[in-house]
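Remarks on the structure that follows.
Nothing in this text is a laboratory measurement; each read-out follows from the coordinates by a stated rule. Keep in mind the model is a prediction, meaning the values are calculated, not measured. Here the Cβ is made from the backbone with ideal geometry for all residues, glycine too, and neighbour counts use every protein chain on show.
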Amino acid sequence: MAEVIAGSDANKGQEIYDKSCGNCHGPTLDGRGPRSGGITPRPPALVGPDAADLPAAALLRIVRDGSPGTSMAPWSRAFSENQQRDVIAYILAKKQVD
Ligand code: HEC
């Protein structure tokens, strides 16, 4: 897991998260963003007791490739690989303090 986020910047990741992810996954990563209500399947919580315990590599993959057939889009065009790692580093940091 460590090597996936080695050298990444959780603070930059937070900026990306707040702009592009919080609408659905919620400002506190609990899956209750303002857009989440009308979406099926609902955006999952990324931290807390309801969050799946996915390893960093799996998180990175879904952020890069999206989840076909859901509103989770692939983000590899919008964000560089480093930026994707930054946002995962932010999610993992929030998990630890959770
Ligand atoms: C339009 C709403 C929406 C936005 C915006 C969005 N997501 Fe998602 N996300 C989803 C949905 C819905 C799923 C569940 C997909 C599924 O069920 O396969 C998901 C799944 C995920 C997962 C997998 C979590 C799990 O427990 O399965 C991660 C990680 C994730 N998103 C991160 C992000 C990040 C990082 C961003 C911003 C770059 C983002 N998402 C933006 C809707 C969104």
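Quick test of the membrane-span-like rule: which DSSP H helices of the chain reach at least 20 Å along their long axis (C-alpha atoms) with mean Kyte hydropathy at least -1.0? Don't jump to the answer; show the numbers that get you there.
On the way: long enough: 81-97 (24 Å, -0.58).
Length and hydropathy pass: 81-97.
Over segment 2-97, what is the mean sequence separation of C-alpha contacts under 8 Å (at least six apart), divided by residue count, expressed as relative contact order in percent?
Values: 135 pairs, mean separation 35.0, N = 96.
Across segment 2-97, relative contact order equals 36 percent.
Could you tally the net charge around Ser71, taking each other residue with its Cβ under 13 Å from the Cβ of Ser71, Lys/Arg +1 and Asp/Glu -1?
Values: positive: Arg35, Arg42; negative: none.
Taking every Cβ under 13 Å from that of Ser71, the sum is +2.
Do any trypsin sites (Lys or Arg not before Pro) in segment 41-91 lie in a loop, going by DSSP, with at most 12 other beta-carbon atoms within 10 Å of their beta carbon, and if so which?
Here the sparse-neighbourhood loop sites are Arg77.
Would you order Ser67, Ser36, Ser80 from fewest to most other beta-carbon atoms within 10 Å of each residue's own beta-carbon?
Working: Ser67 13, Ser36 18, Ser80 10.
Going from sparsest to densest Cβ surroundings: Ser80, Ser67, Ser36.
Full-extension gain between Arg35 and Gln96, please, as 0.36 nm times their residue separation minus the C-alpha to C-alpha distance. The partial results should precede the final answer.
Details: separation 61, 0.36 × 61 = 21.96 nm, distance 2.56 nm.
Contour length minus the Cα-Cα distance gives 19.4 nm.
Tell me, how many Å apart are the Cα centres for segment 58-98 and for segment 41-57?
About 11 Å separates the Cα centre of segment 58-98 from the one of segment 41-57.
Simple spin-label model, 7 Å along Cα-to-Cβ: Ser20 to Glu81 in nm?
Inter-label distance under the simple model: 1.6 nm.
Determine the dipole magnitude for the chain: charges of +1 sit on the beta-carbon of Lys and Arg, -1 on that of Asp and Glu, nothing else is charged, the reference point is the Cα centre, and the result goes in debye to the nearest 20.
Dipole of the chain, to the nearest 20 debye: 280 debye.
Show that you can apply the helix-only estimate: for the chain, add -39,500 (n - 2.57) for every DSSP H stretch of four or more residues, divide by all residues, and state [θ] at 222 nm to the nearest 500.
Result for the chain, helices only: -13500 deg cm²/dmol.
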